[in-house]
Structures are given as C-alpha cells and as structure tokens.
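The values are calculated or read from the model by the stated rules, or taken from the named source; none is laboratory data. What you see is a predicted model, and the numbers here were worked out from it, not measured in a lab. Ideal geometry is used to build each Cβ from the backbone, glycine not excepted, and the neighbour counts take in all protein chains shown. Ligands, DNA and RNA are excluded from the accessible area calculation, which covers all protein heavy atoms including side chains. Shrake-Rupley method; radii C 1.70, N 1.55, O 1.52, S 1.80 Å.
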Amino acid sequence: SVSHATIDDYLADEHAFYSEPLSSILDRMGNVYDVEFVCESQKALRCRYRSIFNDGESLESFLTVIQSLTGLKYERINQNTIKLYQ
C-alpha cells in the first residue's frame with residue numbers, strides 16, 4: 001500500500017524515514033540504487049532510524065550515512081550486491 005508520506009517524498013525529490021527499521025530503509029533505497037543490500041546483523045535490521053536522503057545522492061554517500069548511523073561496515077560483493085556487517 002502506498003502511504004501519503006511516500007507520495008510526498010517522491011514529490012519532494014527525497015526519501016524520508018521517520019523511525020523506520022533499517023530493513024525497510026535498505027529495501028526502499030535498494031530500489032532507488034538498483035542494488036541488493038545484504039545485512040548480516042539481524043539486530044541492526046530491527047533498529048529504527050530517522051534520516052532523509054535526497055534524490056541524486058550517490059550510493060557512496062548513502063552508505064557513508066548508514067555507516068555513521070549504524071556502525072556497520074560495507075563491502076561491495078558485485079555490481080548489484082552490497083554486504084553490511086559488523
């Protein structure tokens with residue numbers, strides 16, 4: 001189901017998350033960047049975060065923010081897969 005927040009986010013050219021689990025953020029931003037995020041920490045996936053990402057922001061920039069929010073490291077496995085780990 002599409003929420004009003006999602007529609008507003010697209011209209012505003014940004015992706016806003018208000019207390020959403022990391023799993024949801026990675027799912028949504030994976031679609032934006034056309035990559036699959038694989039997170040080894042189930043605990044981290046359940047943690048909730050608040051952040052706003054602008055359209056056109058680089059994947060590297062997104063990953064830097066995720067790293068600073070979560071403390072997770074990241075590694076590109078191949079062109080379409082990025083692993084997040086502790």
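Key figures for this structure:
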quantity	calculated
Residue-averaged [θ]222 nm for the chain, counting only DSSP H segments that reach four residues, each worth -39500 (n - 2.57)	-12500 deg cm²/dmol
Length-normalised contact order for the chain - Cα pairs under 8 Å, 6+ apart - percent	32
Per residue, in Å², the accessible surface of the chain once ligands and nucleic acids are set aside, probe 1.4 Å	63
Extreme residue, positive dipole direction of the chain, given options 68, 41, 15 (C-beta unit charges)	41
The chain - percent of accessible surface contributed by carbon and sulfur, probe 1.4 Å	47
C-alpha long axis of helix 22-33 to longest principal axis of the chain, angle in °	80
